[in-house]
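Novice: Questions regarding the structure given below will be posed in turn.
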Amino acid sequence: MQGNPLTRRQNEILLFISQHIDSQGFPPTRKELSEHFGFNSPNAAESHLRALEKKGVIQLGRGRSRGITLTALSISALPPRKKLQLPLVGRVAAGQPILAEQHIEKEYRIDPGLFRPRPHYLLRVEGLSMRDAGILDQDLLAVHRTPEAQNGQIVVARVDDEVTVKRFSRQGHRVSLLPENPGFNPLEIDLRRQELIIEGLGVGVIRNRLET
């Protein structure tokens, strides 16, 4: 990069792409770039992206709206990443918010690029119902907060004021929260009669001890 440095605007765009990938799990579209920087059209964003590609800090995938990949060379152009500070949630009392102060055991600092999309908290897992998904008793599950889930995703869900980690499956008004261990039964929920709240998605597991 020393022989072909980025302009101020190129640095801003590269940083925005990196932060978008960290927070959302995928790069921005040309339209999103245009809206963020006030470009007149996505064509202006495309011109900046091609300039960044020529300087070797990104690669563009043709024919894909989010086809932007950071290269190893981008590391030297981006500022050092700050550690992400996440609260560790232990056992959640019935009827209380999952991030209530009394549930937080401590905080950990992790690399923001470790999980995608970016997690908002760590949840201490109890039990072995998700054993075959590689989630064991006392593991720390990294959770991205969102109220929505797609079939097949691992979710942190609240059912009757109890918080559980299971795989999500929905057909119409019926939801199955599926364990990953044949020794446990699925939780079957009829949304017409029972409330289900998605607290977030499991985006990764930490088993080794962390240092703060």
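No lab work stands behind these numbers, since they all come straight from the coordinates. Source: prediction; values computed, not measured. Methodologically, a virtual Cβ is constructed for each residue, glycine included, from the backbone with ideal geometry; neighbour enumeration extends over all protein chains shown.
Novice: What shape does segment 1-67 have by the C-alpha gyration tensor, where a ≥ b ≥ c are the square roots of the eigenvalues, rounded means a/c under 1.5, and otherwise prolate means a/b greater than b/c and oblate the rest?
Specialist: Cα axes put segment 1-67 in the rounded bin.
Novice: Let me ask something else. Given contacts defined as C-alpha pairs under 8 Å and at least six residues apart, what's the relative contact order of segment 1-92, whole-number percent?
Specialist: Details: 83 pairs, mean separation 23.5, N = 92.
Relative contact order of segment 1-92: 26 percent.
Novice: On to the next question. If the cut-off is a Cα-Cα distance under 17 Å, which aspartates and glutamates reach K31, setting aside same-chain residues fewer than 8 apart in sequence?
Specialist: E12, E46
Novice: Here's a follow-up. For K83, give me every one of the lysines with a C-alpha distance below 21 angstrom, ignoring sequence neighbours fewer than eight places off in its own chain.
Specialist: Excluding near neighbours in sequence, the set is K106.
Novice: Additional query: Could you give the dipole magnitude of the chain about its Cα centre, charging the beta-carbon of Lys and Arg +1 and that of Asp and Glu -1, in debye to the nearest 20? Mind showing how you got there, number by number?
Specialist: Working: 30 positive and 24 negative charges, 207 e Å.
Charge dipole of the chain: 1000 debye, to the nearest 20.
Novice: Please find the FRET efficiency linking I197 to L15, where r is the Cβ-Cβ separation and R0 is fixed at 41 Å, and quote it to the nearest 0.05.
Specialist: On the way: r = 35 Å, r/R0 = 0.85.
E(calc), rounded to 0.05, equals 0.75.
Novice: Something else now. Please tell me the relative contact order of the chain in percent, rounded to the nearest whole number, where contacts are Cα pairs under 8 Å and at least six residues apart.
Specialist: 16 percent
Novice: Taking 35 Å as R0, compute the FRET efficiency from the Cβ-Cβ separation of K106 and T146 and round it to 0.05.
Specialist: On the way: r = 24 Å, r/R0 = 0.68.
That gives a FRET efficiency of 0.90.
Novice: Per the helix-only calculation at 222 nm, which mean residue ellipticity applies to the chain, given -39500 (n - 2.57) for every DSSP H run of n ≥ 4 and division by its residues, nearest 500 deg cm²/dmol?
Specialist: Mean residue ellipticity, 222 nm, calculated: -6000 deg cm²/dmol.
Novice: Distance from a point 7 Å along Cα→Cβ of K31 to each backbone N in segment 39-62: keep the residues under 14 Å and list them by number.
Specialist: Residues passing the 14 Å test: 41-43.
Novice: Between rounded, prolate and oblate, where does segment 68-152 land on the alpha carbon gyration tensor, with a ≥ b ≥ c its root eigenvalues, rounded for a/c under 1.5, else prolate if a/b exceeds b/c?
Specialist: prolate
Novice: Over segment 94-212, what per residue volume does the convex hull of the Cα atoms give, in whole Å³?
Specialist: 106 Å³
Novice: With the dipole of the chain worked out from charges on the C-beta (+1 for Lys and Arg, -1 for Asp and Glu) around the Cα centre, which of F184, S47, Q19 lies farthest toward the positive end?
Specialist: The residue sitting most towards the positive pole is S47.
Novice: Tell me, what are the semi-axes, in whole angstrom and largest first, of the equivalent ellipsoid of the chain as set by the roots of 5 times the Cα gyration tensor eigenvalues? Don't skip to the end; give the middle numbers.
Specialist: On the way: eigenvalues 300, 84, 43 Å².
Equivalent ellipsoid semi-axes, largest first: 39, 21, 15 Å.
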